[in-house]
Amino acid sequence: MSPSYQADSDISLDDVHYAPFAAGERRYKLLGEVAGKRVLELACGAAQNSVALSRWGANVVALDFSSRQLSHALSLRRRSGTRFDLVAGDMEAPTMFRDESFDIALSSFGWEFIPDLRGCVAECARLLRPGGQLVMCTVHPLSAFDWHGAERELRVTSYFDPPVEIWEDPVPEGHSPGLTFFRTIEELVGSITDAGLMVDRLLEPYPAADGEGSPYGGRYWGDHRDRLARVPFAVVISGRKV
């Protein structure tokens, strides 16, 4: 999905994005002052967040396992004139990094694609220095359910047993289809606290009426404006290593 997603998405290089048509880091101030901090962006995609964080003075490492996404990231890094490391790897097992080597570990919409969420969060906790921060920005569990536009309502079949979405996009022979794992708020928060981190903030970002000032939009989300204005698409949880 990388080529179509990057072509149809409008993602800022000057702010960290958290939800479609919603405000980003400049408003929510989850990360605080990042200048001089060592930051790991997991499942970075085209690394728009990493470009923004680098411009703010952070020392960034961006990781993704998609060669196409990393190709986009290389192009954006070159065009933006920023400097940060790009690493090919799986966010579920960032075993190439030493213990306590980062001040911040974050991902915007990478968590929902990994089967072993708790294992990944435990790895992130290992990588964080004392006082370090994990930012989990992922799809809200209500995103799992169908929106009925005519009635302008969401039909929730079973919140406590959310479905797994199987992508319809064609894949090369020998590869399984892509999957999206929807998880309850309890499971998301539990993955963080079970790793020994303390949750200090939880957001359900909502879109501005016209999306003005949002670092995340574009045609990819255009058909969903009515739903996004009524049902949260994303949940953002910040955890601290204490």
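Test of understanding: among Glu173, Glu165, which residue is part of a strand (DSSP E or B) and either modelled with pLDDT under 95 or in contact with a Pro (Cβ under 8 Å, 6 or more places away or on another chain) (or both)?
Details: Glu173 fails: part of a strand (DSSP E or B).
One residue alone meets the criteria, Glu165.
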Can you work out which of the residues in region 1-59 that are within 15 Å of Phe84 (Cα to Cα) and of a type in the set (Val, Ile, Thr) is surrounded by the fewest Cβ atoms within 10 Å (Cβ to Cβ)?
-> Val34
Out of (1) modelled with pLDDT of 95 or more; (2) within 17 Å of the chain's Cα centre (by Cα), the odd one out for Arg77 is which?
-> (2)
Test result for Val61, among the β-branched types (Val, Ile, Thr) and out of contact with any helix residue (DSSP H, G or I) (no Cβ under 7 Å at 6 or more places or on another chain) | yes
So, first residue without any contact (Cβ under 8 Å) to a residue 60 or more places away in the chain and of a type in the set (Gly, Ala, Ser) in region 205-226, second residue part of a helix (DSSP H, G or I) and surrounded by 20 or more Cβ atoms within 10 Å (Cβ to Cβ), Cβ within less than 9 Å, six or more apart or across chains; the pairs are none
Kindly state which strands (runs of 3 or more DSSP E) lie completely within region 67-153 and contain at least 3 residues that are more than 25 Å from Trp167 (Cβ to Cβ) and in contact with a Phe, Trp or Tyr (Cβ under 9 Å, 6 or more places away or on another chain).
-> 128-139
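The values are calculated or read from the model by the stated rules, or taken from the named source; none is laboratory data. These figures come from a predicted structure and were not determined experimentally. Here the Cβ is made from the backbone with ideal geometry for all residues, glycine too, and neighbour counts use every protein chain on show.
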